[in-house]
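Nothing in this text is a laboratory measurement; each read-out follows from the coordinates by a stated rule. None of the values given here were measured: they were computed from a predicted structure. Glycine gets a Cβ as well: all are built from the backbone with ideal geometry, and neighbour counts include every protein chain shown.
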Amino acid sequence: MRICMIGTGYVGLVSGTCFAEIGHEVICVDNDKNKIDVLQSGGMPIYEPGLDELVKKNVKAGRLSFTTNTGEGVDKSLFVFIAVGTPPKDNGDPDLSSIEQVAIEIGAAMRDYKIIIEKSTVPVQTGQWVRMVVERFNKHGSEFDVASNPEFLREGSAINDFLYPDRIVLGVESKRAEQKLLELYDPVDAPKIVTDIASAELIKHASNSFLSTKISFINALSVICEKSGGDVTKVAEGMGLDKRIGCDFLNAGAGFGGFCFPKDLKAFIGISAKLGYDFRLLKEVENINEEQMLRVVKKTEELVWNLRDKKIGILGLAFKPKTDDMRFAPSITIINALMNEGATVKAYDPVAMERAKKVMPDIEYCDNAYDVAKGVDAIVLVTEWDEFAKMDLQKVKEMMRQPVFVDGRNVFEPAEMQKLGFIYVGIGR
Ligand code: UGA
């Protein structure tokens, strides 16, 4: 089946490539000529494990191509996916102007029946707007359906998440679109939930908000554990084994970040307010997350006494392992707070340093974790990259000025770290 994927950002490129991988013919469109040039010449504009090879493989097989020409993509395809960015505006509401622009272009370009599908994360009721805009610019009076098919990809495991998802959500307004979309996803073995468009749009925001709530819950609980002598990792395990709760997303840590949870939470709070509901629960989820990042700074201060003129080493900058994404990374909040208190900061991340340099030009970047350890008064581990778990801790300790270790992701066992001579704190244990 023929697909046009408009937007070759993270979601569009991964989804387009995976659709090609399951046998469809995909044209990826982007108005950023540089990006299309890079892709056409075999380069990769984003970091995602396995994506480079998969793109090459499907281009070679003739199932995947790239263009800047929306008209060409729309013309050749039955399915037109909208996967352009919906970045937050200053007030937290998503900026939907790119979606509108694309809807105009699709309306003007289509000459026969199309299924126009929202892939980007959008507020509930966006489908209605897309329908209206396409209709207004529908020069040739072509038939079309609008649908919503939210994505649930996680950075770092996006290909696997696409090919082996927990579920596929299809929000449709006609039987015809439902049948075609079910056919499109037939090669993917997963439960398919067919709903109206508004429900599908809500499923995306509700899922991300619920997962954020789980994390803030366990982070709040980590404070109670610290004050009462409990161990949050054990409490999470004990809770998570109850199938109704589940073990996933119960890792207490230095707070959640990335371009999805913080942005989607804010957007959902905003949408709810517009619909006349004050979603207080989610406001508190945000507050707890903000506090959690700053608690890491407080813990560091408590162990080194004064932060002024102290040298602090940061391990991990990306918002989570296996990505170079720095957007809304907790490391930024933590490093800024440390520097505001007068500390100097050196840092290392296996892949995110180039991106980090753009957001934080004023810190020292190191070649590896041992370089970070050299002469520092404390190490703060912010992102749990595998290589940190494998460090020679004895060597790390010997290099430090003071053996203070703040483990923002509970990578290490407190008793072992103390045995090695570290002054160690984790989160909630
Ligand atoms: C998230 C969702 O998990 C995806 O399902 C969704 O498709 C995606 O957003 C999106 O809307 O595009 P992602 O942002 O890639 O995916 O990252 P996650 O793996 O969900 O992690 C988000 C943040 O939560 C990270 O900062 C991570 O460190 C933190 N986290 C996660 C915790 O602090 N504790 C946990 O137990 C789990």
Can you give the % of DSSP beta bridges in the chain that are antiparallel, to the nearest 5? 5 percent
Given a cut-off of under 8 Å on Cα pairs at least six residues apart, what relative contact order in percent is computed for region 73-189? 23 percent
Answer rounded, prolate or oblate for region 279-429, using the Cα gyration tensor with square roots of eigenvalues a ≥ b ≥ c: rounded when a/c is under 1.5, else prolate when a/b is larger than b/c, else oblate. rounded
Pairs of alpha carbons in region 1-78 whose separation is greater than 22 Å (percent): 9 percent
Compute the FRET efficiency between GLU100 and ASP75 as 1/(1 + (r/R0)^6), taking r as their Cβ-Cβ distance and R0 = 30 Å, and round to the nearest 0.05. 0.90
Run the quick spin-label model on ARG167 and ASP186: label points 7 Å from Cα toward the beta carbon, then report their separation in nm to one decimal. 2.4 nm
Net charge contributed by nearby residues that have their C-beta within less than 14 Å of VAL130 (K/R +1, D/E -1): -3
Is any helix in the chain, taking whole DSSP H runs, at least 20 angstrom long along its axis by alpha carbon and on average at least 0.5 on the Kyte-Doolittle scale, and which ones? 197-228
Using a cut-off of 13 Å between beta-carbons, work out the net charge of the residues near ILE245 (Lys and Arg +1, Asp and Glu -1, ILE245 not included). 0
Using just the helices of the chain, give the 222 nm mean residue ellipticity in deg cm²/dmol: DSSP H runs with n ≥ 4 each add -39,500 (n - 2.57), and the total is spread over all residues, rounded to 500. -14000 deg cm²/dmol
Sort the chain into rounded, prolate or oblate with this rule: let a ≥ b ≥ c be the square roots of the eigenvalues of the Cα gyration tensor; rounded if a/c is under 1.5, and if a/c is not under 1.5, prolate when a/b is larger than b/c, oblate otherwise. prolate
So what does the Cα-only Debye profile of region 260-304 read at q = 0.20, 0.24 Å⁻¹, as log10 I(q)/I(0), no solvent term? -0.65, -0.79
Select from GLY12, SER216, GLY42 the residue farthest towards the positive end of the dipole of the chain; place +1 on Cβ of Lys and Arg, -1 on Cβ of Asp and Glu, and compute about the Cα centre. SER216
Assigning unit charges at the beta carbon (Lys, Arg +1; Asp, Glu -1) and nothing else, what dipole magnitude in debye, to the nearest 20, does region 83-193 show about its Cα centre? 300 debye
Can you list residues whose amide H is under 5 Å from TYR424's amide H, if they're 5+ apart or on another chain and H is modeled 1.01 Å from N? PHE405
For VAL380, what residues show an amide H to amide H distance below 5 Å, using hydrogens built from the backbone and excluding near sequence neighbours? GLY313, ILE314, LEU315, VAL406
Shape of region 152-263, Cα gyration tensor, a/c cut at 1.5: prolate
Can you tell me the length gained on complete extension of the stretch ASP242 to GLN128, counting 0.36 nm per residue apart and subtracting the Cα distance? 37.1 nm
